[in-house]
Ligand code: GLC
């Protein structure tokens, strides 16, 4: 099958979150399946273009219409030995070579509407004839509508699939957006409109041939107002054309026998000793007392509200009364960064922070910690819990979205399940789950070891999800 994938980020080129990880691993997994040819389209951000790290070739240039004007599109292709996976970059200095983050600019709507048009025009320009165009999140959610309108003649046979990685971000612009920027016929206004905005994600949901999200439970949750940020009814209207496929992780990149950044590699057989060595290294690195016996609790996350930071702040004082060390890694909202820094200042023997994101250091944390905290308010899939389990680090999670699907609750009697869970977004329930985990950790070390090994044996590779995406593409093609 010929598959074109459009996304606003993909590791290793550029990444701000889980979308970037998925866009690294999924195209690769798909390209390894027989008969597949995969093309990935990304913006040519300044951080990629001027990094000097990637060699590209210039394939050509043209321009695309944006309402009353035309904008330049340069098409670059990464030089690569992988024949079945080609990476294309859309070059436009004005839109993509800017200081600061890749998102959060006043004209993000225009930037990504342009990108969506440019991707379709580039597909035509380089002569690809994809069976499916797979778009991701609001940034590329206009692709299905464009494919049915402006680009219908150019790409008549391509079907579209839209994956929602997080419904919180929808791409909202004013109601003049079509007239000012997109330039589609006025009949499209109703498709683009949701409440009193132009809403990219809504337009994608109603026009894509298939829509999915990144876990089964999140797909169910999105039928309800509490989770759907306004779009429950729109999603419900798609019926069985909206499904869930749980993400995997790149099991070569995250592998305790070989990941970079670890102090010592280990296997399931040597996890006890291996983890201890990594724990001591982590404590040295962070200036915590070196203690191979203490339970180390870690959070590696964007420090934002929906990741459940409020719950952590609420129980922090009480956590400090336990025999634990807490390690927090990530960046995000200032209030959480301040809170965690303050906690580390007041409890220097128990709490340390690393308020920046560095993938290698994160691997040392996954390897050195015993418990991995993920009290997310909602979680479309979550990848960190999968990584943690692969390193034998037991997750403590709010049982929501992908966390519910990937971390079945541990039952000490039957020794089934993978982690410690709580069922509602409540700080005391979170603390109770931490306490249950500490009880097993300290009082029943043999059970703990068996739990770690069971977690390490889980298959979280992309093999199964990639096969599910193939089925989804096939159903989009059949119509
Ligand atoms: C978003 C979601 C996260 C998911 C990731 C990849 O970052 O918040 O839960 O794992 O996308 O799909």
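Can you tell which of 114, 103, 72 is over 26 Å from the mean Cα position of the chain (by Cα), modelled with pLDDT of 95 or more and either more than 16 Å from the ligand (Cβ to nearest atom) or part of a loop (DSSP other than H, G, I, E, B) (or both)?
Going through 114, 103, 72 in turn, the sole match is 72.
Return yes or no: is residue 183 surrounded by fewer than 16 Cβ atoms within 10 Å (Cβ to Cβ) and either over 14 Å from residue 367 (Cα atoms) or out of contact with any strand residue (DSSP E or B) (no Cβ under 8 Å at 6 or more places or on another chain) (or both)?
no
I'd like to verify a number: residues in the stretch 188-213 that are within 14 Å of residue 228 (Cα to Cα) and within 16 Å of the ligand (Cβ to nearest atom), how many?
Number satisfying all stated conditions: 3.
For the stretch 138-149, state whether one or more residues are out of contact with any strand residue (DSSP E or B) (no Cβ under 6 Å at 6 or more places or on another chain) and surrounded by fewer than 21 Cβ atoms within 10 Å (Cβ to Cβ).
Yes, because at least one residue in the stretch 138-149 is out of contact with any strand residue (DSSP E or B) (no Cβ under 6 Å at 6 or more places or on another chain) and surrounded by fewer than 21 Cβ atoms within 10 Å (Cβ to Cβ).
Show me the helices (runs of 4 or more DSSP H) found entirely inside the stretch 295-403 where at least 3 residues are modelled with pLDDT of 95 or more and over 21 Å from residue 282 (Cβ atoms).
309-319, 334-346
Quick check: anything in the stretch 24-31 crowded, with 16+ Cβ neighbours inside 10 Å, touching a residue at least 40 places away in the same chain (Cβ under 8 Å) and more than 16 Å from the ligand (Cβ to nearest atom)?
yes
In the stretch 355-369, which residues are in contact with a helix residue (DSSP H, G or I) (Cβ under 6 Å, 6 or more places away or on another chain) and either farther than 21 Å from residue 430 by Cα or surrounded by fewer than 23 Cβ atoms within 10 Å (Cβ to Cβ) (or both)?
Once the filter is applied, which keeps residues that are in contact with a helix residue (DSSP H, G or I) (Cβ under 6 Å, 6 or more places away or on another chain) and either farther than 21 Å from residue 430 by Cα or surrounded by fewer than 23 Cβ atoms within 10 Å (Cβ to Cβ) (or both), the stretch 355-369 yields 355, 364, 367, 368.
If a residue counts only when it is buried (at least 22 other Cβ atoms within 10 Å of the Cβ) and within 19 Å of the chain's Cα centre (by Cα), which strands (runs of 3 or more DSSP E) contained entirely in the stretch 188-263 have at least 2 such residues?
210-213
Quick one: which residue in 48, 38, 64 is part of a strand (DSSP E or B), buried (at least 19 other Cβ atoms within 10 Å of the Cβ), at pLDDT 95 or above and within 25 Å of the chain's Cα centre (by Cα)?
After applying the criteria, what remains is 38.
Among the numbered criteria (1) surrounded by fewer than 23 Cβ atoms within 10 Å (Cβ to Cβ); (2) assigned to a helix (DSSP H, G or I), which single criterion is violated by residue 425?
It is condition (2) that residue 425 fails.
Can you tell me which residue in the stretch 1-23 is nearest to the ligand (Cβ to nearest atom), limited to those that are in a strand (DSSP E or B) and under 20 Å from residue 301 (Cα atoms)?
So the residue we want is 10.
The values are calculated or read from the model by the stated rules, or taken from the named source; none is laboratory data. Since the model is a prediction, treat every value here as computed from it, not as a measurement. Backbone-built Cβ (ideal geometry, glycine too); neighbour counts: all protein chains shown.
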